[in-house]
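Notes for the one structure printed next.
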Amino acid sequence: MRISQVGRELPIPFYLGMAVFNMLCYPSRLQVGLTMINVGCVLYTKGEEPGSLNAKWCHPLFGKGVFGTGKATGGPVEGFVGRYQIQYFDAEGNHIAGFELDIQKDGEYYELAWIDNGTVLDLGIGMEVSEGLAAGWRRIKDTPPQDFETQE
């Protein structure tokens with residue numbers, strides 16, 4: 001899959017790499033005026049139990065960097081593709097949220113969805129890195145309409 005914008009075609013992994021790089025290295029570039037765009041970043045690593053993942057996440061909540069952890073269970077023994085039950089915790093270990101996490105692979109990248117009671121709340125895109133699966137996400141209700149076309 002490729003994205004065409006301003007007459008140029010670049011592969012999806014190019015945009016994914018640039019987005020993750022910018023989120024991790026230049027968080028201040030995500031600011032629009034005085035309001036931070038509602039995006040986050042997570043790294044999933046394989047857990048000790050089969051079918052589990054450990055998460056380390058960050059989010060620019062109210063302009064402050066918020067960090068935490070998570071634990072996903074119920075997934076496949078091999079790889080990342082599958083559906084999990086995940087619980088997220090803040091830096092002090094307090095439970096803050098629980099979701100279904102659906103991870104699907106599309107070529108070289110992954111598509112992620114965080115689901116609550118059958119409703120998809122957040123969507124993300126990720127890629128495998130040496131430590132595990134790195135992904136960025138955004139709350140659907142905060143995502144503006146897109147003005148570019150995808151081409152396969």
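Just so you know, all these numbers are worked out from the coordinates, no wet-lab data involved. The structure presented is a predicted model; accordingly, all values stated were derived computationally and were not measured. Positions of Cβ are backbone-derived with ideal geometry, glycine not excepted, and every protein chain shown enters the neighbour counts.
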Counting only residues 5 or more apart in sequence or on a different chain, those whose built amide H sits under 5 Å from that of Ala97 are Tyr88
For the stretch 38-115 the trypsin sites (Lys or Arg not before Pro) that pass both the DSSP coil test and the at-most-12 other-Cβ-within-10 Å test are Lys64
The summed charge of the Tyr110 Cβ neighbourhood (under 12 Å; Lys/Arg +1, Asp/Glu -1) stands at -4
Exposure proxy check on Leu133, Leu43, Leu53: fewest-to-most Cβ neighbours within 10 Å is Leu43, Leu133, Leu53
When Asp106, Asp122, Asp90 are arranged by how many other beta-carbons sit within 10 Å of their Cβ, fewest first, they go Asp106, Asp90, Asp122
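Full extension from Thr119 to Arg138: what is 0.36 nm times the residue separation minus their Cα-Cα distance, to one decimal in nm?
So the extension gain works out to 5.4 nm.
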